[in-house]
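Let me begin by presenting the structure, written as structure tokens, before commenting on it.
Only the coordinates and a few stated rules stand behind these numbers; no lab work does. Treat the numbers as computed from the prediction; the structure is a model and nothing was measured. Cβ placement follows ideal geometry from the backbone for every residue including glycine, while neighbour counts extend to all protein chains displayed.
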Amino acid sequence: MQPLEINNLAIAKDLSSHLSGIQRGLEKESLRIQPDGYLSKSPHPKELGATLTNPYITTDYSEALPEFITPPTTDRNAPLKTMYELHQFAYQYLGDEVLWGMSMPCIMGGEEDIPIGRYGSSNSGQMKEIYRLGLGHRYGRFMQTIAGVHYNFSLPMSFWQAFYEKEGSELDLKDFISEKYMGMIRNYLRYSWLIPLFYGASPALCESFIQGKNIDLDELVPGTRYGKYSTSLRMSDLGYQNKVQSQLNVSYNSLPSYIAALEKAIRTEDPYYRSLGVIHNGEYQQLNANILQIENEFYGSIRPKRVAKSGERPTKALKLHGIEYIEVRALDINPFSPIGLESNQMAFIDTLLLTCLFAKSEPITAREKGENTANFDRVVLNGRHPELCLSVQNSSICLKELTNTMLDKMKPFAEMLDKTYSISEHSETLKNLHEQTLDLDKTFSGRIVKRIENSEEGFFPLAYELSKKHKEEFVNNPLSKERLEHYQQVAKQSHENKKIMEENDEMSFGAFLESYYD
């Protein structure tokens, strides 16, 4: 990890008038839970629309894992408002089921009890389903039930044009934007451990999740395993074990190198995946036997993104048009919020991303990549340890010292954002996090462990109690008639759009799949 050096503060202040054009969107997954605490076995409710075509509500891996999506908007309050409405809408049709309010799953039965998502008979729908079938064969279905929140962030074109003119870059505008976003991503990778440190909310899990495996977690109370100082088991190797992917040398030093690594992975066969078989008894078991079936299989805590056209691969869209927005993927579900995220968390991420954009961002060497990964792993597993140190250019520095230094460097960007929106939330959030650094038991993970210790009831009772409390809020505060009718109409239209897609397919699935990889 390199020390963060802000070298563009004057330019940032000159460009701050464009910050009101920042767009944000949210994606939040939540397991559907039966009254007995086990994963729902029922299909995705038809009233919520077609998962293939509803822009607001789909499913992630499983039929029992709905995903709520808010469209990008410049209104900084709108994503939370829309997310709240989507939960109100969903609860109209969930009956006695509950949306699980934690990232780590509920009581788990066997792999066969986790139904994969169904998307219909169209070629696109079949591809999504087979991809998920492949994920289950490759990594197991248990891992796919871990839920999180994704935060989408983009700066407006007016900002980029003004920045471009100030820098006098010789690149064309598209490549300039991509280069700056990749620089932001590199600095984020250096300091992304701040997110699980403060907002990691998965220090413990239900013992049923590990299925009797011998793992290095202590028993907090019977039925609950935890890391004494852990912040986010979701973001640890326990959450995503993939030795094949760990061998991928995906570089964030430029967009072309990032694209090239993913392109290679979707075209390079893996011997183990080949041994699993692609087609068995005439049925697809996975899309192919390559290291990645598709680019989205590559797991990272942040992704450069571009909205792709129908049937267009993500890397092809990036290659043709450049980076459009950034997807931050390190957020656990906030169990203390009914919708899994709070405004102050968004304020922190906006401030962090702007700081990363305007700081010097050298290429990440192989040595530094190892250091960054090790630092992140230390924080997710031992982030609240009072004597934890991280590596900075081969030197060991106290986590608390590093954290306070970084929060201080973020302060000017918090002030710019506060001025933009005529609020004080960004600066107040940093002040609050400075205080949490003095007592890490006040972080999400610290609060969760304390509550389990004090109640002696375990992970499941706490998670279920919070989840039922959230449900009660939504049930007691239903949608207005106007908003209910809006989401009902969107759901109805999504079923019609899905039917049109199924009727208009003109090629076989095999031909469709072949054309997708061209």
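Counting just the residues of region 351-369 that are part of a helix (DSSP H, G or I) and either surrounded by fewer than 16 Cβ atoms within 10 Å (Cβ to Cβ) or among the charged types (D, E, K, R) (or both), which one comes out nearest to the chain's Cα centre (by Cα)? Can you show your working first?
Here is the first cut: in region 351-369, the residues part of a helix (DSSP H, G or I) are 351-357, 366-369.
Still in the list and also either surrounded by fewer than 16 Cβ atoms within 10 Å (Cβ to Cβ) or among the charged types (D, E, K, R) (or both): 366-369.
Working: 366: 25, 367: 26, 368: 24, 369: 21 Å.
Result: 369.
Residues 129, 167: which one is more than 29 Å from residue 501 (Cα to Cα) and among the charged types (D, E, K, R)? Don't jump to the end; show me each part of the working.
Details: 129 fails: more than 29 Å from residue 501 (Cα to Cα).
One residue alone meets the criteria, 167.
List the number of the failed condition for residue 339; all other conditions in (1) over 18 Å from the mean Cα position of the chain (by Cα); (2) surrounded by 19 or more Cβ atoms within 10 Å (Cβ to Cβ) hold.
(1)
Residues in region 72-107 that are over 22 Å from the mean Cα position of the chain (by Cα) and assigned to a loop (DSSP other than H, G, I, E, B): how many?
7
Among the numbered criteria (1) within 16 Å of the chain's Cα centre (by Cα); (2) hydrophobic (A, V, I, L, M, F, W, C); (3) within 26 Å of residue 502 (Cα to Cα), which one does residue 52 miss?
(1)
Just give me the residues in region 121-171 being among the hydrophobic types (A, V, I, L, M, F, W, C) and part of a loop (DSSP other than H, G, I, E, B), in sequence order. I'd like the intermediate steps shown before the answer.
First pass over region 121-171, keeping only residues among the hydrophobic types (A, V, I, L, M, F, W, C): 127, 130, 133, 135, 142-143, 146-147, 149, 153, 155, 157, 159-160, 162-163, 171.
Correct list: 142, 146, 147, 155, 171.
Return the residues of region 109-118 that are under 22 Å from the mean Cα position of the chain (by Cα) and surrounded by fewer than 23 Cβ atoms within 10 Å (Cβ to Cβ); say none if nothing qualifies. Let's see the steps before the verdict.
First, pick out the residues of region 109-118 that are under 22 Å from the mean Cα position of the chain (by Cα): 114-118.
Hits for region 109-118 are 115, 116, 118.
Please list, ordered by residue number, the helices (runs of 4 or more DSSP H) wholly in region 382-479 having 1 or more residues that are of a type in the set (D, E, K, R), over 29 Å from residue 360 (Cβ atoms) and in contact (Cβ under 8 Å) with a residue 40 or more places away in the chain.
Once the helices (runs of 4 or more DSSP H) in region 382-479 are filtered for at least 1 residues that are of a type in the set (D, E, K, R), over 29 Å from residue 360 (Cβ atoms) and in contact (Cβ under 8 Å) with a residue 40 or more places away in the chain, what remains is 444-455, 459-476.
Determine which single condition residue 286 fails, assuming it passes every other condition in (1) touching a strand residue (DSSP E or B) at 6+ places or on another chain (Cβ under 8 Å); (2) outside any helix (DSSP H, G or I); (3) in contact (Cβ under 8 Å) with a residue 40 or more places away in the chain.
(1)
Of all residues in region 156-179, which are of a type outside the set (A, V, I, L, M), under 25 Å from the mean Cα position of the chain (by Cα) and buried (at least 22 other Cβ atoms within 10 Å of the Cβ)?
If the condition is that a residue be of a type outside the set (A, V, I, L, M), under 25 Å from the mean Cα position of the chain (by Cα) and buried (at least 22 other Cβ atoms within 10 Å of the Cβ), then 178 is the only one that fits.
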